[in-house]
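Working notes, structure below.
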Amino acid sequence: MIGDIEKIISYSHRLRLLYVEDDLDARNSTMAIFSEFFDEIVPASDGLEGLELFEKSDIDLVITDINMPRMNGLQMVKKIRELNRDIPVLVLSAHNESEYFMSSIKLGVDGYLLKPIDFDQFLGVLNNIVEKLYLKEEAAKNLNLLRQYQEVTDAGNIVSKTDPRGVITYVNDAFCEISEYTKEELIGKPHNIVRHPDNPPELFRDMWKTIKERKEIWHGVLKNRKKSGNFYYVNTTIKPILDQNGEIIEYIALRSDITDIMNPRKQLHDLIDSCMETIMVLVKIEGFEDIEKFYGQKLTQTIEEKFAHKLFEYIPKECEFERVYVLGNGEYAFAKDKKICAYKADFIIEQLKKFQKRVNETGISLDEIDYAVSVLVSFSYGRNALENAKYGLKELMEKKLDFIVANDLVQKEHDKAQKNLQILKKIKRAIESNDIICYFQPIVDNSTKEIHKYESLARLVDENGDILSPYFFLETAKKSKYYPMITSMILKSAFEALERTDRKISINLSALDIEKSSSRDEICRLLELHKDKASRVVFELLEDEEVKDFEQIKSFIKDVKGMGVEIAIDDFGAGYSNFQRLLDYQPDILKIDGSLIKNIETSTFSRSVVKTVVSFAKEQNIMTVAEFVENEKIFSIIKDFGIDYSQGYLFGKPEPL
């Protein structure tokens, strides 16, 4: 506040001033000055009146003359100091004798002003007074807050304090209640009076290193023991309290009781949080969901619990795991601090594979019934061990494997997410710039080699002008809000192409497109807009496993065929092809999967599948198209098989129409 006139005046206006002066003229003229600084001024004509007014009024500051009748200013100040030793006092006098200064100093006055008052001098002295009062006020506020903080801390936490050696100097009632000890039994004792032996020694080594050596706050979960021998879990924060020289004078610990919520999953996470690096083994009962359906939830839960004991029994002692964590849904975990592991990763992996083999061969017996159980094992160590192991289990199930060393999978997923984010940015920019376009690849009549129709193929023009095929962006787009926008732009571009050629235009649609009402509405609108050309539209449906509503697909096919549109089934003959579903869809055209066609020169299997598909199609009066016709040899073979149309680089690459 020093030097800030506006702040000084603003603060002084809140103060009530007692001004004592026997000279009426001097009092009136000086009050005119004081009124610029104080809203409330209590005037007095001598020391006796001033003392009486001080006792009656709530005064914040005293300014007094010295020489006055009945009681002089210094006598009054002495009396006032007996009533309030902290009240700020300024002495105002025309005299400059040294005895007045000495007397005022002995009385502890806060400033000395000479008559007539010099504005700058008064402002400087007032600044000191205001700053003193402001600091006093802030100190009072802080002390009040501190008391309230202490109350709420004591009320909401289990609190203790110890000296630098760890000897208890204070405990609150909550500490006594949960520990079952009295304050007299606790104070003066080392803190390990409540320590449970289950806590790993490295946990306390880390705690003391943090609070004693680094002088930092430590967080962690501790298992404590009550006087009766029972245990409880506390989420603990310990802070070293330092003096002005940075030396530790005591420790204060705040705890919350988490015993009721301390489930195995929570305990596992707390162990991980207490370690810099972790060794982690996740075990999952393979096909657990099917086991639950077969045996029922109650029996499955019993199997799951008993299986946990078996796992702990079978886990090699060399791994030195202290317990198994039952995570539910057929998942279990073993974990420990990596820094206390005496063995290298290769040795642990070897032991875990032996463990897995034994578990799979033994199964579990319950009520004289043997249950066959096989497990998946995901092993990881270092930082992010749990997250890596979780991704490992996911990869095992996706790839039908049973054991994995899952290090760095979190980073790989992060990299994949970053890549997807970059792709989404490209998609967003392309949509905003109208750079989602169609390329068209010719499909020729095998008997004449004339172009019969074009397939419209989505392309993305990136910020560098490069053309990207759907391989680089479409799957990512399907998981975002941008996919319907891409579908809309491709549909519009494909239908506009009908105006630039008299050939048919083939448009790819996924089950995702058809199942979205907005896409169906867009298709119907475009068909109505181009109804005179609807007979030149072919919708290619991908024959995959993503179909969720077959009836919706069948209804859509019926509606658009009623408008003259032809239906083709794309990539037929591989993957999830289903002849029964084919009959349900009643397509006009089958596009034989390119993986079969490009290998048809050398693969007898591909030839057999293609012949079967062609034979079936002819019986059902369905036209056929061969994809990936890259050379004359392939063309000759598929023509001999009786395939009606060809599509591939032999006849043309995708390009603008």
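The values are calculated or read from the model by the stated rules, or taken from the named source; none is laboratory data. The structure displayed is predicted, hence computed values, not measured ones. Cβ placement follows ideal geometry from the backbone for every residue including glycine, while neighbour counts extend to all protein chains displayed.
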Discussion item. So in the range 613-639, with the set limited to residues that are in a helix (DSSP H, G or I) and free of Cβ contacts under 8 Å to residues at least 12 places away in the same chain, which one is nearest to S595 (Cα to Cα)?
Written reply: S636
Worksheet item: Does any residue of the range 646-656 turn out to be touching a residue at least 24 places away in the same chain (Cβ under 8 Å), within 26 Å of I523 (Cα to Cα), among the charged types (D, E, K, R) and part of a loop (DSSP other than H, G, I, E, B)?
Response: no
Worksheet item: What is the number of the single condition among (1) surrounded by 18 or more Cβ atoms within 10 Å (Cβ to Cβ); (2) closer than 30 Å to N388 by Cβ; (3) not hydrophobic (A, V, I, L, M, F, W, C) that R255 does not meet?
Response: (2)
Worksheet entry | Residue selected from the range 46-90 under the condition surrounded by 17 or more Cβ atoms within 10 Å (Cβ to Cβ) and of a type in the set (S, T, N, Q), by the criterion nearest to L135 (Cα to Cα) | T64
Worksheet item: Within the range 361-374, is there a residue that is modelled with pLDDT under 90 and within 35 Å of the chain's Cα centre (by Cα)?
Response: yes
Worksheet, complete the sentence: Within the range 371-400, the residues that are touching a Gly at 6+ places or on another chain (Cβ under 6 Å), in contact (Cβ under 8 Å) with a residue 24 or more places away in the chain and not hydroxyl-bearing (S, T, Y) are V373
Item to complete: State all residues of the range 375-400 that are among the small types (G, A, S), at pLDDT 90 or above and assigned to a strand (DSSP E or B); if no residue qualifies, say none.
Response: S378, S380
Fill in: L421 being out of contact with any Phe, Trp or Tyr (no Cβ under 7 Å at 6 or more places or on another chain) and either assigned to a helix (DSSP H, G or I) or under 27 Å from E305 (Cβ atoms) (or both)
yes
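So that you can scan it fast, the table gives a plain yes or no per residue for (1) within 22 Å of L542 (Cβ to Cβ); (2) surrounded by fewer than 16 Cβ atoms within 10 Å (Cβ to Cβ); (3) outside the structural domain of F550 (by TED's automatic domain parsing); (4) under 53 Å from the mean Cα position of the chain (by Cα):
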position: I569; (1), (2), (3), (4): yes, no, no, yes
position: G573; (1), (2), (3), (4): yes, no, no, yes
position: G594; (1), (2), (3), (4): yes, no, no, yes
position: I600; (1), (2), (3), (4): yes, no, no, yes
position: Q620; (1), (2), (3), (4): yes, yes, no, no
position: T624; (1), (2), (3), (4): yes, no, no, yes
position: V629; (1), (2), (3), (4): yes, no, no, yes
position: I638; (1), (2), (3), (4): yes, no, no, no
Fill in: the range 419-446: number of residues that are exposed (fewer than 13 other Cβ atoms within 10 Å of the Cβ) and within 20 Å of L457 (Cβ to Cβ)
2
Worksheet, complete the sentence: How many residues of the range 35-53 are under 60 Å from the mean Cα position of the chain (by Cα) and not acidic (D, E)? The answer is 4
Worksheet entry | Residue count, the range 488-517 (criterion: over 20 Å from K554 (Cβ atoms), outside any strand (DSSP E or B) and touching a helix residue (DSSP H, G or I) at 6+ places or on another chain (Cβ under 9 Å)) | 11
Worksheet item: Only one residue in S179, S228 is buried (at least 17 other Cβ atoms within 10 Å of the Cβ) and either more than 30 Å from M276 (Cα to Cα) or at pLDDT 90 or above (or both). Which one?
Response: S179
Practice prompt. Take the range 401-418 and flag every residue that is in a loop (DSSP other than H, G, I, E, B), surrounded by fewer than 17 Cβ atoms within 10 Å (Cβ to Cβ) and of a type in the set (A, V, I, L, M, F, W, C).
Written response: L401
Practice prompt. Answer yes or no: is there a residue in the range 449-461 that is basic (K, R) and within 36 Å of the chain's Cα centre (by Cα).
Written response: yes
Worksheet item: Would you call L352 at pLDDT 85 or above, surrounded by 20 or more Cβ atoms within 10 Å (Cβ to Cβ) and over 26 Å from S274 (Cβ atoms)?
Response: no
Item to complete: Six or more apart or on different chains, Cβ under 9 Å: which pairs go from a residue in the range 516-537 that's of a type in the set (A, V, I, L, M, F, W, C) to one that's exposed (fewer than 12 other Cβ atoms within 10 Å of the Cβ)? Could you list them?
Response: A534/E528
Worksheet entry | Some residue of the range 109-116 being under 18 Å from S12 (Cα atoms) and modelled with pLDDT under 75 | no
Practice prompt. Please list, ordered by first then second residue, the pairs with beta carbon atoms under 8 Å, 6 or more apart or interchain, first in the range 146-170 and closer than 21 Å to E216 by Cα and modelled with pLDDT of 65 or more, second in a strand (DSSP E or B) and among the acidic types (D, E).
Written response: I158/D257; K161/E250; T162/E250; D163/E250; P164/E250; T169/E250
Fill in: Residue satisfying all of: in the range 538-562; in contact (Cβ under 8 Å) with a residue 40 or more places away in the chain and outside any helix (DSSP H, G or I); farthest from Y454 (Cα to Cα) among these
L541
Worksheet item: Which one of these does W218 not meet: (1) more than 26 Å from the chain's Cα centre (by Cα); (2) in contact (Cβ under 8 Å) with a residue 12 or more places away in the chain; (3) under 26 Å from R383 (Cα atoms)?
Response: (1)
Fill in: Tally of residues being over 20 Å from E528 (Cα atoms), touching a residue at least 12 places away in the same chain (Cβ under 8 Å) and not in a helix (DSSP H, G or I) across the range 453-478
14
